[in-house]
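The values are calculated or read from the model by the stated rules, or taken from the named source; none is laboratory data. Treat the numbers as computed from the prediction; the structure is a model and nothing was measured. A quick note on method: Cβ atoms are made from the backbone with ideal geometry, for glycine too, and the neighbour counts reach across all protein chains shown.
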Amino acid sequence: MNRNVERGAATRAHLIEVATRLFSERGYDGTSIEAVLAESGASRGALYHHFPGKDALFWAVGEGVGCRIGAQVLAAMEGAGDPVAELRAGLLAWIRLACDPDVRQIVLIDAPAVFGWQRWRELDEQGNLGAIRAALAYAAEQGRLDPGHVETFAHTILAAANEVAMMIARAEDPAAAVSAEESAFAAFLDRLLGD
């Protein structure tokens, strides 16, 4: 690999790392490009070479946090058994992640405001709705729910999981809120899908 390309990739990664920490600690509105430059030691030209503006930098940060969320959710789903058990494990892992400072501030508080609710929702649907739909289709094949309800239930579960995560993220004490909300959401899934 060309040394300049390596250096550029390292600079980009460092900018994202610094910006992730700052967006997590200060929020989107409280984080300026100047703060990212000061903390990273990068030049303005280097930052704008990789990101046309603050929104693009925030998008890259969100993608990074999203990848971490995906990896943790998939790890929680491993060995859960059938697709419904995997769905339950993944959704409960997502709810627990609402306490993670990066997830809380970047994904749950700032992303809907920065990108707009509709775009945030569309991104979520692209990634998660299909997996939920597939698990529910499996449940319908097993006679656990009416096949005609799969689409509506998939949207309902996605919305409910996100709303519970938002409740935790916006709680005065997210760590205290997570156990009660996780328990309530698990009971909701039990009633919807059975054991």
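Listed values, structure above:
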read-out: Filter result for the condition that a residue is assigned to a helix (DSSP H, G or I), hydrophobic (A, V, I, L, M, F, W, C) and surrounded by 13 or more Cβ atoms within 10 Å (Cβ to Cβ), over A80, A89, A42, A71; value: A89
read-out: Qualifying residue in the stretch 113-134 (condition: touching a residue at least 60 places away in the same chain (Cβ under 8 Å), charged (D, E, K, R) and within 18 Å of A161 (Cα to Cα)); value: no
read-out: Evaluation of T20 against (1) over 17 Å from the mean Cα position of the chain (by Cα); (2) hydroxyl-bearing (S, T, Y); (3) surrounded by 18 or more Cβ atoms within 10 Å (Cβ to Cβ) (one fails), failing number; value: (1)
read-out: Qualifying helices (runs of 4 or more DSSP H) (wholly inside the stretch 115-175; at least 3 residues being farther than 24 Å from R104 by Cβ); value: 130-141, 150-170
read-out: Residue within the stretch 44-52 that is small (G, A, S), at pLDDT 90 or above and farther than 30 Å from L158 by Cβ present; value: yes
read-out: Some residue of the stretch 1-9 being at pLDDT 95 or above, of a type in the set (S, T, N, Q), over 30 Å from E182 (Cα atoms) and outside any helix (DSSP H, G or I); value: no
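Here's the yes/no breakdown for (1) at pLDDT below 90; (2) loosely packed, with under 13 Cβ neighbours inside 10 Å; (3) over 20 Å from the mean Cα position of the chain (by Cα):
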{"site": "A131", "(1), (2), (3)": "yes, no, no"}
{"site": "A139", "(1), (2), (3)": "yes, no, yes"}
{"site": "G143", "(1), (2), (3)": "yes, yes, yes"}
{"site": "H149", "(1), (2), (3)": "no, no, yes"}
{"site": "N162", "(1), (2), (3)": "no, no, no"}
{"site": "A177", "(1), (2), (3)": "no, no, no"}
